[in-house]
Amino acid sequence: MTAQGLDRENGTSERRWRRRSLWSLVLLVPLSLAIGSYDSVKALLGGNDLFPRRVAWGESARFGGSDWKLTDLRGAFGMSNLAPDTVPVLADFSVKIGDPDLQNRWLGCKVMLIDKDGRRWSPTSIASLKTTDNVQTCISAIFSGARSGDTLNLRETFLVPKEATKSIRPAVGVASERPHFLLFQLEKD
Amino acid sequence: MMRKLANVVLLLAAVSLCYGLQVSKPHYGDLIGPIPARGELGDTVVGRSFEVRAEKVEFARKLKADRFGDSKVLTTGGIWAVVTVEFAARAQSATVAVASWRGTTGLTYDQTERLSFTDGLLPVAIDPGLPKKARLIFELRPDEVSDATLLISEKLMSALDSQAEISLGPVAIGPDGLPPGTVDTLDMTQPI
């Protein structure tokens, strides 16, 4: 083989490998981006209540290993120490325990109210209303030692502006189910 | 010859570009630091999760406060600055917990912890649609009151989150070294 022939063959091989390398970038760049952002995306999805799972009024839904049912949502009007346009709202749930490992399944339990504009209210500690002994909050229920088959009564209290009371719906999120959360519909929906 | 020269020029250009990138890159602390939302006294400053408007700044030599039912008068070797603010939550309930006063020389004063049980101090829980007033109280050196900036954020390490930065403007200093409007005692037991 002549020197010219060798040069031509080397050149062809080099061009082929350059083309292969460039094409491999099409795969490698998105792959490295995906690997680099995997933890961030996982944290984003695992730490936020993003996708609602609607639950019709009167029905219960399996969530965090237990069956959740909204039993009541009502305003507690007439509290004297609040601003005039502020309404305390009570959300009551009945939860039948399935998996009793609540400290893992219900970790980061968050009950909230969501209105038609997507605004979210967290429970308040300002308006404290008397409850019977067997009513708990989501967080206190985690440490209640409830067993499989038990039914827990949960109540959360919120402060909501009067204008939002017509469109608020209760919602529940727990770490083991995120990014999904339960969005309860009311009787009138 | 020309090709070699072109390569040397290209190399020098690459070196200067790399050096430029190195010296102009922001500090890591700035990259992951708080994101400022700026405004002035009276402006509504909008952050990611809360809005805040500083209504007024008062100065006092002493503060009167309740502690476990007893009335206490808190004196200071400097001056008390009390900023009345109104907070509003944006899309969801939030808690605003941290405020500091950055003086004109850069000295930064955290809000005082001497009135820990007084109503209306941070942390303040705010809900959408329900604005709430609060008092931010600082114990300062009198020469730090003018051209100060109020820094307010949800938490102490507000990395990549909003921090309201409110310019409080110039404050005249009287012959006694205090602002002319300084009162002897401000009563913190009064509602905001």
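Points worth noting:
- Residue in the stretch A:55-64 that is within 14 Å of another protein chain (Cβ to nearest Cβ) and part of a strand (DSSP E or B) present: no
- Some residue of the stretch B:104-111 being closer than 19 Å to residue B:63 by Cα, within 13 Å of the chain's Cα centre (by Cα) and not aromatic (Phe, Trp, Tyr): yes
- In the stretch B:83-117, the residues that are within 14 Å of chain A (Cβ to nearest Cβ) and in a loop (DSSP other than H, G, I, E, B): B:90, B:91, B:93
- Criterion violated by residue A:158 - all others in (1) out of contact with any helix residue (DSSP H, G or I) (no Cβ under 8 Å at 6 or more places or on another chain); (2) more than 14 Å from chain B (Cβ to nearest Cβ); (3) crowded, with 18+ Cβ neighbours inside 10 Å; (4) touching a residue at least 40 places away in the same chain (Cβ under 8 Å) satisfied: (2)
- From A:137, A:165, residue being surrounded by fewer than 19 Cβ atoms within 10 Å (Cβ to Cβ), over 18 Å from residue A:48 (Cβ atoms), touching a Leu at 6+ places or on another chain (Cβ under 7 Å) and among the β-branched types (Val, Ile, Thr): A:137
- Within the span defined as the stretch A:4-19, every residue fails to be among the aliphatic types (A, V, I, L, M) and assigned by TED's automatic domain parsing to the domain that holds residue A:114.
- Within the stretch A:168-185, considering residues that are of a type in the set (Gly, Ala, Ser) and out of contact with any helix residue (DSSP H, G or I) (no Cβ under 6 Å at 6 or more places or on another chain), the one surrounded by the fewest Cβ atoms within 10 Å (Cβ to Cβ): A:175
- Taking the criterion of being among the aliphatic types (A, V, I, L, M) and assigned to a helix (DSSP H, G or I), the only residue of the stretch A:102-127 that qualifies is A:102.
- Strands (runs of 3 or more DSSP E) completely within the stretch B:118-192 that count 1 or more residues being surrounded by 15 or more Cβ atoms within 10 Å (Cβ to Cβ) and within 13 Å of the chain's Cα centre (by Cα): B:132-140, B:149-153, B:162-167
- Of the criteria (1) assigned by TED's automatic domain parsing to the domain that holds residue A:56; (2) touching a residue at least 24 places away in the same chain (Cβ under 8 Å), which one residue A:189 fails: (1)
- Counting the residues of the stretch A:65-101 that are in a loop (DSSP other than H, G, I, E, B), more than 14 Å from chain B (Cβ to nearest Cβ) and either more than 23 Å from the chain's Cα centre (by Cα) or closer than 22 Å to residue A:115 by Cβ (or both) gives 4.
The values are calculated or read from the model by the stated rules, or taken from the named source; none is laboratory data. What you are looking at is a predicted structure, and each value in this text was computed from that prediction instead of being measured. Every residue, glycine among them, receives a Cβ derived from its backbone with ideal geometry; neighbour counts consider all protein chains shown.
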